[in-house]
Amino acid sequence: MSYEVIARKWRPLNFDQLLGQEHISQTLKNAINNKRLSHAFLFTGPRGTGKTSASRILAKTLRCEKNSDLLKSESCNKCDECLKISSANSLDVLEIDGASNNGVDAIRELRETIKYMPSSGKYKLYIIDEVHMLSNSAFNALLKTLEEPPDYVIFILATTEVQKIPDTILSRCQRFDFRRISITIISKHLENICKQENITPDKQSLFLIAKHGEGSMRDSQSLLDQVITFSGKKLSLEKSIQVLGLTPRELLNLSLEVFLSSDEDKSKNLIKKLSQSSIDPKIFLGELIEEIRHLLLIKTCPNNLEELIPLSSNDRQHLSQIAQKFSHKQIYFLFREALNAYEDCSKMPDPFMILEFFILKLSYQLHNLENILLENKTEKTINIPSPEVNTFDTNNIKSPAVNTADTNNIPSPTSSQDSQPDFAYYWSSLVKKIANINPPLSSKLSNTFLKTVENKIIKIGVPKSHEFLLEEFADKNFIQKLKNYIKTFWNRDYGIEFFLSDATEHQKSPSGQIKQQDKKEAEELKNKVDQNDLVQQIKKELGINVKSIKKINN
């Protein structure tokens with residue numbers, strides 16, 4: 001007897017064997033038991049999740065010779081009709097490939113065969129696989145028949161791309177969505193297959209195969225077949241990795257540790273190992289991106305790792321230890337750089353060159369990430385349009401209108417009045433620059449004013465009208481953000497103190513200055529209008545006065 005591959009040999013024979021699709025199995029069994037069968041079903045979902053198997057199981061249940069009265073929701077799988085359907089040889093269960101029979105002529109022939117009663121049994125079933133491949137004309141030809149078929153006809157349409165099927169077809173079918181099967185369910189089923197086939201299983205190998213199957217039972221079974229052919233009667237993790245062309249976990253973990261070490265020699269050794277292993281750079285980067293995702297999940301969701309991270313418990317534990325060494329910023333940065341390198345691999349004739357550059361770059365940048373982010377932030381703020389330079393010299397200020405500055409010396413509150421710098425001017429400039437980076441924070445600061453700079457401490461006043469802001473200003477995170485901005489723009493480290501001031505001092509804040517300027521402009525405009533000859537004549541004749549002036553911008 002010829003060899004039968006695992007995927008065919010272990011095809012589900014009844015609803016209970018349809019793993020991972022319990023919501024569909026139970027619905028179909030209830031429909032059979034309650035005599036509430038639809039005349040048209042649409043099975044949609046990823047490849048290898050059981051659509052064709054479910055179609056045959058439903059067909060066997062409806063046509064089983066030992067269940068002609070449909071008293072049971074399961075077939076016997078022993079009678080001639082069940083065996084014929086399992087091997088796709090039944091005269092009354094027609095399996096049609098939509099990809100090769102996609103024209104209107106094929107549908108017209110199907111409509112002709114529908115007129116004939118089943119040769120035996122109660123139902124005649126038409127299973128159209130890959131139905132989305134039918135042409136528009138073929139779909140139109142099927143509409144009427146699909147909506148009102150004879151009582152003995154049941155249609156089962158199967159597809160992996162339901163979005164390509166016209167709405168007129170969808171509305172005539174009862175739709176069932178097949179889901180990707182979980183790695184745990186697949187690995188347990190593969191373990192059962194190995195035991196039945198007298199193969200010594202390795203749980204880590206089976207887990208890896210199930211993970212690589214991407215939720216498809218058929219793909220996972222085909223991969224298991226391939227690994228068994230290579231490994232023999234005993235599976236091993238090393239051989240499974242070799243057959244699947246994957247990156248060993250030790251190499252992925254080593255890569256993460258090298259990135260943190262900032263050691264050029266370790267980076268070069270990693271490149272050498274990757275070169276000797278002949279791993280595809282794009283595959284390596286793809287697995288590394290997934291590994292980085294695991295790091296982030298460990299940092300943010302430490303209580304649900306079994307559900308979120310498809311790894312063995314030992315691998316999760318080891319990865320958790322590595323994750324403790326990473327900050328959130330480093331993980332985000334590493335993910336972005338790995339994703340860029342992954343995309344660049346397809347643009348280069350030698351993708352390994354991209355991988356080399358990526359490793360050498362990360363070994364430096366990840367260790368110095370804080371400095372790099374600060375440099376990038378400073379570069380961005382330098383380009384912000386502003387009439388003044390970022391720093392100022394407070395020892396030699398001649399007047400508040402000076403536009404250049406140096407931060408080496410901060411003004412002393414004991415300076416004479418003539419040399420006293422214009423704190424309102426510099427504070428307003430700082431708030432404007434912060435607005436380009438963090439508008440919400442800038443909006444709050446616009447209602448404050450700089451009172452003094454003494455002993456490297458900046459004292460910032462908060463008017464009583466905005467007393468509610470003091471609670472937020474006392475937050476450590478808020479103060480640290482403000483310190484960082486001051487360090488960036490003034491190039492000096494300062495302590496910060498907030499205090500409650502009189503309401504009259506609100507005019508010193510940026511928002512108060514704006515109101516003062518608006519009031520001044522309004523008064524100047526009113527005086528200008530009052531002096532107009534035409535206005536004076538109107539006032540004289542009508543006996544009225546100008547109360548206020550509003551400027552309209554065209």
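Tabulated results
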{"read-out": "Filtered residues of segment 288-314 (kept if crowded, with 18+ Cβ neighbours inside 10 Å and closer than 20 Å to Leu206 by Cβ)", "value": "His294, Ile309, Pro310, Leu311"}
{"read-out": "Candidates Gly245, Gly232, Gly215 - the one that is more than 25 Å from Lys329 (Cβ to Cβ) and in contact with a Lys or Arg (Cβ under 6 Å, 6 or more places away or on another chain)", "value": "Gly215"}
{"read-out": "Given (1) among the hydroxyl-bearing types (Ser, Thr, Tyr); (2) free of Cβ contacts under 8 Å to residues at least 40 places away in the same chain; (3) in contact with a helix residue (DSSP H, G or I) (Cβ under 8 Å, 6 or more places away or on another chain), number of the condition Tyr152 does not satisfy", "value": "(3)"}
{"read-out": "Only listed residue being of a type outside the set (A, V, I, L, M) and either more than 20 Å from Arg56 (Cβ to Cβ) or touching a residue at least 40 places away in the same chain (Cβ under 8 Å) (or both), chosen from Ser100, Ser87, Ser119, Ser137", "value": "Ser137"}
{"read-out": "Failed condition for Glu74, given (1) in contact with an Asp or Glu (Cβ under 8 Å, 6 or more places away or on another chain); (2) more than 26 Å from Val131 (Cα to Cα); (3) exposed (fewer than 14 other Cβ atoms within 10 Å of the Cβ)", "value": "(3)"}
{"read-out": "The lone exception for Cys345 - which of (1) in contact (Cβ under 8 Å) with a residue 40 or more places away in the chain; (2) more than 25 Å from Lys239 (Cβ to Cβ); (3) surrounded by fewer than 17 Cβ atoms within 10 Å (Cβ to Cβ) it fails", "value": "(3)"}
{"read-out": "Subset of segment 238-269 that is not in a helix (DSSP H, G or I) and not charged (D, E, K, R) - its residue that is farthest from Phe284 (Cα to Cα)", "value": "Ser262"}
{"read-out": "When residues of segment 270-319 are limited to those that are part of a loop (DSSP other than H, G, I, E, B) and either closer than 20 Å to His212 by Cα or charged (D, E, K, R) (or both), the one nearest to the chain's Cα centre (by Cα)", "value": "Ile309"}
{"read-out": "Residues that are surrounded by 16 or more Cβ atoms within 10 Å (Cβ to Cβ) and within 27 Å of Cys64 (Cα to Cα), drawn from segment 103-113", "value": "Leu110"}
{"read-out": "Residues being part of a loop (DSSP other than H, G, I, E, B), farther than 20 Å from Ile128 by Cα and among the hydroxyl-bearing types (Ser, Thr, Tyr) - total across segment 143-196", "value": "1"}
{"read-out": "Residues located in segment 296-345, provided they are under 16 Å from Leu362 (Cα atoms) and of a type in the set (D, E, K, R)", "value": "Lys325, Lys329, Arg336, Glu337, Asp344"}
{"read-out": "Residue among Thr247, Thr168 that is among the hydroxyl-bearing types (Ser, Thr, Tyr) and surrounded by fewer than 17 Cβ atoms within 10 Å (Cβ to Cβ)", "value": "Thr168"}
{"read-out": "Criterion: of a type in the set (Gly, Ala, Ser), closer than 28 Å to Phe15 by Cβ and surrounded by fewer than 16 Cβ atoms within 10 Å (Cβ to Cβ) - qualifying residue of Ser135, Ser100, Ser119", "value": "Ser119"}
{"read-out": "Those residues of segment 429-459 which are of a type in the set (S, T, N, Q) and at positive phi, in sequence order", "value": "Asn455"}
{"read-out": "Hits in segment 107-116 - residues which are closer than 19 Å to Ile154 by Cβ and either assigned to a helix (DSSP H, G or I) or within 44 Å of the chain's Cα centre (by Cα) (or both)", "value": "Ile107, Glu109, Leu110, Arg111, Glu112, Thr113, Ile114"}
{"read-out": "In segment 197-216, residue surrounded by the fewest Cβ atoms within 10 Å (Cβ to Cβ) [restricted to those that are of a type in the set (Ser, Thr, Tyr) and either part of a helix (DSSP H, G or I) or in contact (Cβ under 8 Å) with a residue 60 or more places away in the chain (or both)]", "value": "Ser216"}
{"read-out": "Residue in segment 250-286 that is modelled with the highest pLDDT, counting only those that are among the hydroxyl-bearing types (Ser, Thr, Tyr) and surrounded by 18 or more Cβ atoms within 10 Å (Cβ to Cβ)", "value": "Ser255"}
{"read-out": "Residues located in segment 320-358, provided they are among the aromatic types (Phe, Trp, Tyr) and assigned to a helix (DSSP H, G or I)", "value": "Tyr332, Phe333, Phe335, Tyr342, Phe352, Phe357, Phe358"}
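For (1) farther than 21 Å from Lys433 by Cβ; (2) touching a strand residue (DSSP E or B) at 6+ places or on another chain (Cβ under 7 Å); (3) of a type in the set (Gly, Ala, Ser); (4) without any contact (Cβ under 8 Å) to a residue 12 or more places away in the chain, each residue gets a yes or a no:
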| position | (1), (2), (3), (4) |
| --- | --- |
| Ile458 | no, yes, no, no |
| Val462 | no, yes, no, no |
| Glu467 | yes, yes, no, no |
| Phe473 | no, yes, no, no |
| Ile479 | no, yes, no, no |
| Leu482 | no, yes, no, no |
| Tyr485 | no, no, no, no |
| Trp490 | no, no, no, no |
| Phe499 | yes, yes, no, no |
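Residue by residue, here is whether (1) within 15 Å of Phe423 (Cβ to Cβ); (2) acidic (Asp, Glu); (3) touching a helix residue (DSSP H, G or I) at 6+ places or on another chain (Cβ under 9 Å); (4) surrounded by fewer than 15 Cβ atoms within 10 Å (Cβ to Cβ) holds:
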| position | (1), (2), (3), (4) |
| --- | --- |
| Lys444 | no, no, yes, no |
| Asn447 | no, no, yes, no |
| Leu450 | yes, no, yes, no |
| Val453 | yes, no, yes, no |
| Lys456 | no, no, no, yes |
| Gly461 | yes, no, yes, no |
| Glu472 | no, yes, yes, yes |
| Asp475 | no, yes, no, yes |
| Asn484 | no, no, yes, yes |
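The values are calculated or read from the model by the stated rules, or taken from the named source; none is laboratory data. What you see is a predicted model; the values in this text were computed from it and never measured. Using ideal geometry, Cβ is built from the backbone for each residue, glycine included, and neighbour counts are taken over all protein chains shown.
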